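The structure appears right after this line, and notes come after that.
The values are calculated or read from the model by the stated rules, or taken from the named source; none is laboratory data. These numbers were taken from a predicted model, which means no experiment stands behind them. Glycine also receives a Cβ, built like all others from the backbone with ideal geometry; neighbour counts cover every protein chain displayed.
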């Protein structure tokens with residue numbers, strides 16, 4: 001099977017890259033296990049949230065404070081601004097409407113009630129101005145009894161710390177009540193399926209309307225709006241503005257993003273090989289000729305270009321054994337400390353060095369093997385070295401922007 | 001529960017490990033008015049940091065016959081009085097090609113002398129009984145080893161002590177002793193949550209503080225020569241073996257593999273460490289290397305099994321009084337009457353020994369206390385079952401329908417009936433791996449001295465399963481915040497819990513363990529921003 005480009009990994013970076021290539025008329029295949037870090041998403045993309053522990057208000061202005069190896073330093077502020085603009089348009093084309101822009105961060109509310117800087121937030125999710133007064137005085141926090149993946153006390157306490165007056169109401173509907181009898185099924189994505197029928201959404205709206213007295217807005221855990229229009233319907237049925245607050249995983253927002261982007265990619269003609277994993281690559285000189293996957297066996301995928309979008313350790317894009325950190329598909333050069341005791345720090349909330357490990361790349365994101373750039377293979381997203389997604393809150397931004405940037409590189413723009 | 005209700009006791013016991021809890025129970029059963037004080041949480045010291053092995057005594061049979069006899073006697077007693085804490089696995093002592101097979105007959109002979117059943121097995125038979133065992137073994141002996149849950153055992157003692165009138169305080173540190181004319185008359189306590197100080201008096205003060213006992217004794221002006229021996233262990237993410245596997249040779253490093261609930265534990269190393277370091281035990285890369293290398297010899301599957309965590313405990317070994325250099329260190333029970341030894345009245349130290357012999361240690365020290373108090377009451381702990389170990393009633397078996405209530409019965413035995421889950425929301429699962437419900441968390445907060453997530457983990461196993469607290473820690477923290485009415489403090493505790501977990505993960509952070517660590521960081525820091533919600537880290541408190 002022959003493609004213009006084969007992308008290894010179908011998370012945010014792989015899909016953004018694949019969409020941009022398909023739009024330019026390329027034949028593209030994405031090989032993906034189906035799991036990606038989008039499943040831990042809180043409804044927002046983050047361009048750059050923190051530098052050295054300090055919150056960032058204007059991400060484009062703070063990029064020069066990042067270390068030299070950071071992927072953004074390879075792009076530069078001007079290109080980042082253009083790519084960020086393009087990313088928002090791609091998301092909108094995929095049906096993911098967002099608020100926010102790259103010039104100024106806003107805040108999302110985390111499942112622990114923390115205000116965290118964000119770049120783009122999905123429509124329907126809380127997005128508050130950063131460092132300015134909150135538009136609401138008094139809000140209703142809807143709680144679903146027995147649903148434990150939304151630590152409501154944490155969220156309420158966090159909101160109160162912001163000076164908000166919060167009323168909590170337990171909301172029960174027949175549909176939710178039924179689900180409660182099987183406690184292990186009280187997960188966000190399961191509830192979103194239950195709430196997706198017209199009747200279930202109406203019942204929820206009725207219950208919320210009863211509780212929404214003398215408040216400016218309604219906050220609901222993100223347990224609705226998986227792949228359908230139930231969130232829009234609910235927002236029309238309730239009598240006051242309603243916004244979702246992220247839950248613990250599985251994430252409804254992330255599942256929605258993944259599904260919409262995948263759908264859009266396939267609509268553009270892209271091939272999405274779900275449930276498969278690239279096992280190895282065949283080289284022809286310095287360049288990669290083809291890759292093999294678990295399921296396709298001896299039918300290799302040939303392409304002009306290959307893109308590594310396999311993610312960090314948690315997505316198995318990187319691996320570590322007793323002695324070293326390595327890239328498991330092509331054994332590419334990695335940026336990582338040699339001695340295992342250097343990988344981690346003793347204090348859990350300190351920046352952990354392993355977080356910044358990843359494959360080494362050239363200025364235009366070509367991967368490197370044995371000290372030499374591989375001419376037709378690029379890397380994007382979390383598999384790249386030089387950024388700490390949990391400390392800088394830049395993971396989704398790096399994924400979206402490097403995905404698009406590499407697509408442009410491949411297209412020769 | 002954690003309040004000082006009285007200022008005068010017959011006996012004050014210092015230390016909330018198995019020995020202290022057992023002593024408090026023994027005193028209470030004999031009608032003494034007793035206070036148990038612990039500066040941290042129950043089981044925080046060596047009690048909670050060992051293999052969880054119910055020794056048959058076979059390990060000591062060749063080198064220390066007296067300990068071996070003690071062990072097998074206590075082994076049989078604990079199977080009776082603490083059924084719900086013991087899993088009857090039996091154990092193998094295997095001989096590998098590099099070991100001397102002649103040692104096996106010495107071993108079997110010594111076992112029989114100590115009264116330990118020891119059946120020599122054909123290697124093929126051993127492989128059939130325990131498929132995980134190293135298949136190259138050339139000999140095997142079956143002995144009555146078992147696995148025991150030290151957390152559950154200690155809490156059952158605390159629970160019974162309370163039922164019999166004992167008062168128990170956690171997070172109360174002994175800052176000093178009240179001494180009057182060469183007599184210890186009580187303790188000076190600091191409440192580590194509130195900062196309040198109080199004096200409590202007792203006719204007898206028992207020092208059962210384990211390795212920290214040296215410090216307590218020095219407050220009375222008594223000198224005990226302790227030799228802290230650090231033992232490091234690794235927990236694996238699966239129960240690889242169903243029987244305890246030991247090496248049939250002189251006791252050495254990493255030669256015991258114990259199945260424990262859904263996981264298994266390899267250990268230990270043994271190294272002398274300075275007394276000053278015992279509060280901050282870190283497992284080193286070298287120790288991990290030794291444990292892995294030796295562990296794989298017992299069960300080769302360990303090489304490919306995910307390591308959950310590493311941890312280390314400190315054995316309170318004591319140098320005998322006539323040899324202060326520490327060359328002859330006893331592993332036996334040491335019960336010191338400071339009146340005859342140092343001229344300090346009202347003060348006894350119980351130390352040395354093993355978790356296995358905690359009940360016997362409690363008996364000996366309580367006997368001494370009774371003699372001093374002029375009370376002639378016999379010890380009954382060898383016959384009186386611990387709460388929870390009673391055979392379960394028909395009705396409770398009928399009621400056992402859900403995974404969570406079955407799991408709770410496993411943890412609390414017959415006491416699980418006290419967990420009230422009348423509403424559906426009470427039955428919601430906090431921890432899926434271990435089947436812990438909202439109702440069980442509430443029960444633990446109300447009845448089992450739970451003040452933070454680490455306490456809760458030890459009482460209910462929340463976060464101890466294969467997921468290692470990925471989501472359940474947050475769920476449980478949120479509930480604690482609700483039950484105690486302080487969500488911001490609960491966020492601090494959650495950060496403390498994550499830090500405590502990380503201390504165990506760091507030494508083994510490679511492979512899937514590193515992968516899981518990154519996932520946890522992504523959820524708690526990336527998604528939740530816990531690092532921006534807490535102002536300072538809270539360790540054990």
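The table for this structure:
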{"read-out": "Residue within region B:526-541 that is more than 9 Å from chain A (Cβ to nearest Cβ), under 22 Å from the mean Cα position of the chain (by Cα) and outside any loop (DSSP other than H, G, I, E, B) present", "value": "no"}
{"read-out": "Residue check, residue B:232 crowded, with 24+ Cβ neighbours inside 10 Å, in contact with a helix residue (DSSP H, G or I) (Cβ under 6 Å, 6 or more places away or on another chain), under 20 Å from residue B:355 (Cα atoms) and not assigned by TED's automatic domain parsing to the domain that holds residue B:369", "value": "yes"}
{"read-out": "Those residues of region A:176-199 which are crowded, with 16+ Cβ neighbours inside 10 Å, in a helix (DSSP H, G or I) and within 14 Å of chain B (Cβ to nearest Cβ), in sequence order", "value": "A:176, A:179, A:183, A:188, A:189, A:190, A:191"}
{"read-out": "Odd one out for residue B:147 among (1) assigned to a loop (DSSP other than H, G, I, E, B); (2) under 21 Å from residue B:355 (Cα atoms)", "value": "(1)"}
{"read-out": "Residue within region B:458-478 that is in contact with a strand residue (DSSP E or B) (Cβ under 7 Å, 6 or more places away or on another chain), at the interface with another protein chain (Cβ under 8 Å from one of its Cβ atoms) and under 30 Å from residue A:312 (Cα atoms) present", "value": "yes"}
{"read-out": "Check on residue B:462, under 23 Å from residue B:87 (Cα atoms) and either outside the structural domain of residue B:496 (by TED's automatic domain parsing) or outside any helix (DSSP H, G or I) (or both)", "value": "yes"}
{"read-out": "Selection within region B:263-279 - over 17 Å from the mean Cα position of the chain (by Cα) and surrounded by fewer than 17 Cβ atoms within 10 Å (Cβ to Cβ)", "value": "B:270, B:271, B:272, B:273, B:274, B:275, B:276, B:277"}
{"read-out": "Condition broken by residue A:235, with the remaining ones in (1) modelled with pLDDT under 95; (2) more than 16 Å from the chain's Cα centre (by Cα) satisfied", "value": "(1)"}
{"read-out": "Region A:94-118, residues that are in contact with a strand residue (DSSP E or B) (Cβ under 7 Å, 6 or more places away or on another chain) and away from chain B (no Cβ under 14 Å)", "value": "A:96, A:98, A:99, A:100, A:106"}
{"read-out": "Out of B:484, B:488, sole residue that is surrounded by fewer than 22 Cβ atoms within 10 Å (Cβ to Cβ), closer than 19 Å to residue A:156 by Cβ and facing chain A (nearest Cβ under 9 Å)", "value": "B:488"}
{"read-out": "Matching residues in region A:39-78 - criterion: being crowded, with 17+ Cβ neighbours inside 10 Å, touching a helix residue (DSSP H, G or I) at 6+ places or on another chain (Cβ under 7 Å), in a helix (DSSP H, G or I) and more than 11 Å from chain B (Cβ to nearest Cβ)", "value": "A:60, A:63, A:71, A:72, A:75"}
{"read-out": "Among (1) outside any loop (DSSP other than H, G, I, E, B); (2) surrounded by fewer than 23 Cβ atoms within 10 Å (Cβ to Cβ); (3) more than 11 Å from chain B (Cβ to nearest Cβ), the one test that residue A:341 misses", "value": "(3)"}
{"read-out": "Residue pairs meeting the criteria (Cβ under 9 Å; at least 6 apart or on separate chains; first in contact (Cβ under 8 Å) with a residue 24 or more places away in the chain and at positive phi, in region B:207-231; second surrounded by fewer than 24 Cβ atoms within 10 Å (Cβ to Cβ) and in a loop (DSSP other than H, G, I, E, B))", "value": "B:221/B:182; B:221/B:344"}
{"read-out": "Residues (in a helix (DSSP H, G or I) and within 13 Å of chain B (Cβ to nearest Cβ)) located in region A:384-413", "value": "A:389, A:390, A:391, A:392, A:395, A:396, A:397, A:398, A:399"}
{"read-out": "Odd one out for residue B:61 among (1) without any contact (Cβ under 8 Å) to a residue 40 or more places away in the chain; (2) buried (at least 21 other Cβ atoms within 10 Å of the Cβ)", "value": "(1)"}
{"read-out": "From A:189, A:173, A:201, residue being at pLDDT 95 or above and under 19 Å from residue A:230 (Cβ atoms)", "value": "A:201"}
{"read-out": "For residue B:5: the one exception among (1) part of a helix (DSSP H, G or I); (2) modelled with pLDDT under 95; (3) touching a strand residue (DSSP E or B) at 6+ places or on another chain (Cβ under 8 Å)", "value": "(1)"}
{"read-out": "Filtered residues of region B:502-525 (kept if part of a helix (DSSP H, G or I), touching a strand residue (DSSP E or B) at 6+ places or on another chain (Cβ under 7 Å) and within 8 Å of chain A (Cβ to nearest Cβ))", "value": "B:511, B:514"}
{"read-out": "Residue in region A:301-310 that is within 14 Å of chain B (Cβ to nearest Cβ), in contact with a helix residue (DSSP H, G or I) (Cβ under 8 Å, 6 or more places away or on another chain) and farther than 27 Å from residue A:99 by Cβ present", "value": "yes"}
{"read-out": "Region A:275-291, residues that are free of Cβ contacts under 8 Å to residues at least 40 places away in the same chain and surrounded by 18 or more Cβ atoms within 10 Å (Cβ to Cβ)", "value": "A:290"}
{"read-out": "Subset of region B:421-445 (residues that are in a helix (DSSP H, G or I) and either touching a residue at least 40 places away in the same chain (Cβ under 8 Å) or over 15 Å from residue B:458 (Cα atoms) (or both))", "value": "B:424, B:425, B:426, B:427, B:438, B:439, B:441, B:442"}
{"read-out": "Test: residue in region B:308-317 that is within 14 Å of another protein chain (Cβ to nearest Cβ), under 27 Å from residue B:512 (Cα atoms) and without any contact (Cβ under 8 Å) to a residue 24 or more places away in the chain", "value": "no"}
{"read-out": "Residue satisfying condition, being part of a strand (DSSP E or B) and touching a residue at least 12 places away in the same chain (Cβ under 8 Å), within set A:220, A:248", "value": "A:220"}
{"read-out": "Verdict on residue B:446 being surrounded by fewer than 21 Cβ atoms within 10 Å (Cβ to Cβ), more than 7 Å from chain A (Cβ to nearest Cβ), under 30 Å from residue B:161 (Cβ atoms) and within 26 Å of the chain's Cα centre (by Cα)", "value": "yes"}
{"read-out": "Wholly enclosed strands (runs of 3 or more DSSP E) of region B:230-323 bearing at least 2 residues farther than 25 Å from residue B:515 by Cβ and modelled with pLDDT of 90 or more", "value": "B:244-247, B:256-260, B:307-319"}
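For every residue, the table says whether it meets (1) within 17 Å of residue A:97 (Cα to Cα); (2) within 16 Å of the chain's Cα centre (by Cα); (3) assigned to a strand (DSSP E or B); (4) modelled with pLDDT of 95 or more.
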position	(1), (2), (3), (4)
A:256	yes, yes, no, yes
A:266	no, no, no, yes
A:273	no, no, yes, yes
A:281	no, no, yes, yes
